[in-house]
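Read-outs throughout are calculated quantities, based only on the coordinates presented, and are distinct from any laboratory measurement. Predicted model only: the values in this text are computed from it and were never measured. Glycine gets a Cβ as well: all are built from the backbone with ideal geometry, and neighbour counts include every protein chain shown.
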Amino acid sequence: MKEAKIGILTLSDRASAGIYEDISGNAIIATLQEYLLSPWKSIYKVIADEQKEIEKYLIEFADKEECDLIITTGGTGPAKRDVTPEATEAVCQKILPGFGELMRQTSLQYVPTAILSRQTAGIRNKTLILNLPGKPKSIRECLDAVFPAIPYCLDLIGGSYLQTNESVIKAFRPKS
């Protein structure tokens, strides 16, 4: 089984400046370690909320590093510096709005401000790019909701095969 590559891109002005530790990116890695039985490695970076910089790293992770999946955290709110969805849409050939819809619907069960979130997902070549919010609790809630569809999406776009730990999360693949 080919080792999957998963890009983790944290978008935070303060974490990128070393003002505080990146707990969001680490929360994603910890969650994926629970979810996945198949071999994978992370390509990890913390950068500021700058659209051109975000686009540069999404392209680098997808095209040069050949990540199967890129998960971003942060920059999905309504604030002026929140530009992650714009960067994602700028580099993708296809947008998958259902991911954002499900994440907002899931988050609304916990906080009424979930309607302010603009996370989305899209495909660049053979890479799925997924935008998550920046709070670790929200990251886990959102990943629990959407991750069952991710392995099949990767199958469809020619990415690596992801096998999940079904006692933690069950991937959905249609019966063939």
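Hey, if you put +1 on the Cβ of every Lys and Arg and -1 on every Asp and Glu Cβ in the chain, which of 115, 6, 133 ends up farthest toward the positive end of that dipole?
Looking along the dipole axis, the top candidate is 115.
Each label point is 7 Å from the Cα along the Cα-to-Cβ direction; what then is the distance between the points at residue 152 and residue 13, in nm?
4.1
Could you compute the net charge surrounding residue 30? Neighbours are other residues with a C-beta less than 14 Å from the C-beta of residue 30; K and R count +1, D and E count -1. Could you put the intermediate results ahead of the total?
Values: positive: 137, 140; negative: 21, 22, 34, 144.
That sum, taken over residues with Cβ under 14 Å, equals -2.
With a Förster radius of 45 Å, plug the Cβ-Cβ distance of residue 116 and residue 161 into 1/(1 + (r/R0)^6) and report the FRET value to the nearest 0.05. Each step should come with its number before you reach the end.
Details: r = 36 Å, r/R0 = 0.79.
Calculated transfer efficiency: 0.80.
What does the helix-only formula give at 222 nm for the chain: each DSSP H stretch with n ≥ 4 adding -39500 (n - 2.57), the total divided by the residues, and the result rounded to the nearest 500 deg cm²/dmol?
My calculation for the chain gives -10500 deg cm²/dmol from helical runs alone.
Go ahead and collect, in residue order, the members of the range 1-45 whose backbone nitrogen is under 19 Å from a label point 7 Å along the Cα-Cβ direction of residue 125.
Once the point is set 7 Å along Cα→Cβ of residue 125, 2-9, 41-45 turn out to lie under 19 Å by backbone N, inside the range 1-45.
With each label point set 7 Å from Cα along the Cα-Cβ vector, what nm distance links residue 86 and residue 50?
About 1.5 nm separates the two model spin labels.
Hey, got the dipole for the range 84-171? About the Cα centre, +1 on K and R Cβ, -1 on D and E Cβ, debye to the nearest 20? List each step's numbers first, then the result.
Details: 9 positive and 7 negative charges, 26 e Å.
Using Cβ point charges on Lys, Arg, Asp and Glu, the range 84-171 gives about 120 debye.
Please get the size of the charge dipole for the chain, origin at its Cα centre, with Cβ charges of +1 on Lys and Arg and -1 on Asp and Glu, quoted in debye to the nearest 20. Each step should come with its number before you reach the end.
On the way: 21 positive and 22 negative charges, 58 e Å.
Using only the charged Cβ atoms, the result is roughly 280 debye.
Quote to one decimal, in nm, the extra length available between residue 20 and residue 101 on full extension: 0.36 nm per residue of separation minus the C-alpha distance between them.
Details: separation 81, 0.36 × 81 = 29.16 nm, distance 3.02 nm.
Computed gain between residue 20 and residue 101 is 26.1 nm.
Can you order the peptides 5-16, 102-113, 40-51 by their average number of other Cβ atoms within 10 Å per residue, highest first?
Values: 5-16: 21.4, 102-113: 14.8, 40-51: 16.8.
Going from most to least packed, we get 5-16, 40-51, 102-113.
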